[in-house]
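Student: Encoded as C-alpha cells, here's the structure I'll be asking about.
The values are calculated or read from the model by the stated rules, or taken from the named source; none is laboratory data. Note that the coordinates shown come from a computational prediction; the quantities given were computed from them, not determined experimentally. Positions of Cβ are generated from backbone atoms using ideal geometry, with glycine treated the same way; all protein chains shown enter the neighbour counts.
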Amino acid sequence: MATLTDEELAARCKSELPRDTRSYEMLVRRHMNRVYNQAYQVVSNKEEAEDISQEVFVKVYHGLHKFEQQASFSSWLYRITTNTTLDALDKIKRRPKPVRSGNNGNATKPEEDNDPLSSQATSEAGPEESALQAELRECIRSVLEKLDHDQARLLIMRDLNDSSYDEITKALSASLSAIKMRIHRARLAFQEIFNQFCGRYMNFPVSSNLSSKEQAK
C-alpha cells in the first residue's frame, strides 16, 4: 500500500470507507506533518495548529467522495487546509486578546516548544532575535487577518506553503494569468498593511517568513 500514489489511495478510500480505513490512514500519515506545519505558520500556536489539522482530515474523510482528481490530491488537500486555517484565523481574531505579563514579554511560550518556526529561531538566533522573530510572526498573522480571504489564501498557498503556480491554478480553477495578477495584488495589499503595522521589522533578516519573501519577490 505504501507504493500507491495519493490518487490511487483516494480512489480506494471511495470504495472502502467507512468499513476499511487503512487507505485513509495512509493518506493521513503522509500529509499530517505538512498540514500541521502549514497551519502553524499562520496561527503560530501548537494547539491551534493541531486542532486545524484534525479538522482538515475530518473534512477529507467526509469529502473524499467529491474528489474527482481534476487536480492532484495534494492540491485538493492543501486548499482544504488553507480554507480551514483562514476560518480558524477568523475565530482567533474575534477572541479577546490575552494580557501578556512577566519578563518584559520576552519569555518563551510553552506552545512554541518543538514547533518548526520556534525551533528554527532558537537554533539560528540569540534570545533577543528569537523574541523579535516571535513578535514578527504574530505581526504577520495580524496582517493576514486584515486581508480579505482570497488574498490571504493566495499568500498562504504561494508564499507560506510554496505551492507552484500550476498547483494553485488547478486548486482554484483559474487561469495562470489571473492567478499571477491576484497574487501580485495580494502582495501589494500585504506590503501596505505590513508597512503600516510592522514597519519596525523591515530590516530584520528572517529568511523563513512571509514578509521576507514579499520583499524578495
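Student: Looking at the stretch 1-23, which of its residues are out of contact with any Cys (no Cβ under 9 Å at 6 or more places or on another chain) and of a type in the set (Ser, Thr, Tyr)?
Tutor: Matches in the stretch 1-23: Thr3, Thr5, Ser15.
Student: Then there's this: Among the residues of the stretch 64-87, is any touching a Cys at 6+ places or on another chain (Cβ under 8 Å) and at pLDDT 85 or above?
Tutor: Initial filter on the stretch 64-87 (touching a Cys at 6+ places or on another chain (Cβ under 8 Å)): 64.
Subsequent filtering for residues that are at pLDDT 85 or above retains 64.
Yes, the stretch 64-87 contains at least one residue that is touching a Cys at 6+ places or on another chain (Cβ under 8 Å) and at pLDDT 85 or above.
Student: Which residue pairs have Cβ atoms under 8 Å apart, sit 6 or more places apart or on different chains, and have a first residue in the stretch 25-49 that is within 14 Å of Glu138 (Cα to Cα) and a second that is surrounded by fewer than 18 Cβ atoms within 10 Å (Cβ to Cβ) and acidic (Asp, Glu)?
Tutor: From the stretch 25-49, the pairs are Ser44/Glu138; Asn45/Glu111; Lys46/Glu111; Lys46/Asp113.
Student: Working only within the stretch 10-24, note down all residues that are outside any helix (DSSP H, G or I) and either hydrophobic (A, V, I, L, M, F, W, C) or touching a residue at least 60 places away in the same chain (Cβ under 8 Å) (or both).
Tutor: First, the residues of the stretch 10-24 that are outside any helix (DSSP H, G or I): 17-21.
If the condition is that a residue be outside any helix (DSSP H, G or I) and either hydrophobic (A, V, I, L, M, F, W, C) or touching a residue at least 60 places away in the same chain (Cβ under 8 Å) (or both), then Leu17 is the only one that fits.
Student: Among residues belonging to the stretch 24-59 that are closer than 14 Å to Leu77 by Cα and either in contact with a Cys (Cβ under 9 Å, 6 or more places away or on another chain) or of a type in the set (Gly, Ala, Ser) (or both), point out the one that is surrounded by the most Cβ atoms within 10 Å (Cβ to Cβ).
Tutor: Ala39
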